[in-house]
1. List pairs: first residue in region 201-225 and under 11 Å from Glu164 (Cα atoms), second residue within 16 Å of the ligand (Cβ to nearest atom) and not β-branched (Val, Ile, Thr) anywhere in the structure, Cβ distance under 7 angstrom, at least six positions apart or on different chains.
2. For region 195-236, enumerate the residues that are open to solvent by less than 10 Å² (accessible area, probe 1.4 Å) and within 16 Å of the ligand (Cβ to nearest atom).
3. Checking Asp270 against (1) open to solvent by less than 30 Å² (accessible area, probe 1.4 Å); (2) touching a strand residue (DSSP E or B) at 6+ places or on another chain (Cβ under 8 Å): exactly one of these is not met. Which one?
4. Please report, ordered by residue number, the strands (runs of 3 or more DSSP E) entirely within region 19-103 with at least 2 residues that are under 26 Å from the mean Cα position of the chain (by Cα).
5. Residue check: is Ala353 open to solvent by less than 10 Å² (accessible area, probe 1.4 Å), modelled with pLDDT of 95 or more and not basic (Lys, Arg)?
6. Could you say which residue among Ala265, Ala331, Ala292 is over 14 Å from the mean Cα position of the chain (by Cα), more than 16 Å from the ligand (Cβ to nearest atom) and touching a residue at least 12 places away in the same chain (Cβ under 8 Å)?
7. Restricted to region 295-308, and to residues that are without any contact (Cβ under 8 Å) to a residue 40 or more places away in the chain and buried (at least 16 other Cβ atoms within 10 Å of the Cβ), which residue is nearest to the ligand (Cβ to nearest atom)?
8. For region 418-451, name all the residues that are assigned to a helix (DSSP H, G or I) and open to solvent by 80 Å² or more (accessible area, probe 1.4 Å).
Amino acid sequence: MNVLIHNGTILTLKNRKIIYQGAVAVEDKIIVDVGKTTELKRKYRRGYEKIDAKGKVIIPGFVNTHQHAAMSLLRGYADDLPLKEWLEKWIWPIEKLMTPHDIYIGALLTAIESIMSGITTVNTMYHYTPEKNEAKAFADAGLRGIIGHVCFSWRKKEDKNALENLAKNWHNKVEGLIRVSVDPHAPYTVDPEYMKGLRNLRDKLNEKYGSEKTPIIWHTHIAETADETEKIKNAFNVQIRRGIMEYLDSLDVLDEKVVAAHCVALTDRDIAVMKKRRVKVSHNPVSNLKLASGISPVPQMLTENITVSLGTDSPCSNNTADMFDVMKTAALVHKGVNKNPTLLPAEKVLEMATIEGAKALLWENEIGTIEAGKKADLVLIDFKKPHLCPLHSEISHLVYAAKASDVETVIINGKIVMENRKITTVKIDSVMKEATKAKERLLTKLKANVK
Ligand SMILES: [Zn+2]
């Protein structure tokens, strides 16, 4: 399908360029031209579906670099608990009872919620099952994503089979919409030998199914809480002296294909290692605040030119897939704790939510900016709202004032997946009904299990 979006304000996110009275021409999946409306209207006359973006701001879609999409079924199930207790007593026991269908429905619900808040790419870590899974959910919703399979020391054989199946069936599939990743859960649940094994497996899967342009990445949690070194010591009898990144580097697992979620409890030495190995960061400020994990040293990492992107984390540690919330929190929290209002300015935060996210996922050759040759992942935001009036700066409004509900139309891979807030790919009502049924089945099973 060919589309011409015209009369809008385009935040290209390429060299911070803004085009007023701008237009974007899309042919099939690709952005073919970006410029002034007067010029593009002359060039692209017939055969283009026209979208009038008057009063709207057009941005490249948000890239959410840390999510566990299927967990929407557990949203609000257990809140206000420390991470260890939350995981071990509440989340893991009920997750064990989730069926492939539950995982599919949970991920579909998150896919819809993500699109409705302007997110066009999601990096998700969950349990992969061949029959039904998060990959199918994203494909059905039309959402771009990297689907991982989370690995633990206690199920090495299952993990290996799951990863092989995931890579074979889903990597660079659905017209390039879906990619996959190898996801060691965390350094305290994956032993040192297995950590090395998973790095080797990732490299082998890349040789078989990946390419330089479409790499299979490594998505993991690192340094989420201050007691992580203690947890690693207790689990595997490993002494960590100068930080977790340095420990992982001693295993030879860190490189530019690593996306590390959280990175809260880092030493200066850790930051130096991350810079050297070009490790990418997913900063999840809402989740870190909710679980009281601490505050990631983001300003310091940015000074070191480390790629820092933004993630929502799961629907039960956030509890929404709302990138506006995450942007505003990221912009505020570092100013507050450092008593410095110049840290993380709005323009930087918007980059972290878009182009830096694309870089973190090694997908910046196709997404993250609005420019000719890139995939058409575009979000139209309605600025004709009292809370976005009057207008001094589009960027300021996006980070500090706009809401997910201001997102009006979303295009992913050249396809309109939401038009005037109506999802075009799946039926929202039946997904919500299925999600409610799945939640009830889970609670019934949990009760029976406890007895
Ligand atoms: Zn997580």
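1. So the pair list comes out as Arg202/Trp218.
2. Passing the criteria: Ile217, Trp218, His219, Thr220, Ile222, Ala223, Glu228.
3. Among (1) open to solvent by less than 30 Å² (accessible area, probe 1.4 Å); (2) touching a strand residue (DSSP E or B) at 6+ places or on another chain (Cβ under 8 Å), the lone unmet condition for Asp270 is (2).
4. It comes to 30-36, 56-60, 62-67.
5. yes
6. Of Ala265, Ala331, Ala292, the one residue that is over 14 Å from the mean Cα position of the chain (by Cα), more than 16 Å from the ligand (Cβ to nearest atom) and touching a residue at least 12 places away in the same chain (Cβ under 8 Å) is Ala331.
7. Per the stated criteria, the residue is Ser296.
8. Asp429, Met432, Lys433, Lys437, Lys439, Glu440, Arg441, Thr444, Lys447, Asn449, Val450 - these are the residues of region 418-451 that are assigned to a helix (DSSP H, G or I) and open to solvent by 80 Å² or more (accessible area, probe 1.4 Å).
The values are calculated or read from the model by the stated rules, or taken from the named source; none is laboratory data. Since the model is a prediction, treat every value here as computed from it, not as a measurement. When we count neighbours, we look across all protein chains shown, and the Cβ atoms used for this are built from the backbone with ideal geometry, even at glycine. Accessible surface is based on the protein model in full, side chains and every heavy atom, while ligands, DNA and RNA are left aside. Shrake-Rupley method; radii C 1.70, N 1.55, O 1.52, S 1.80 Å.
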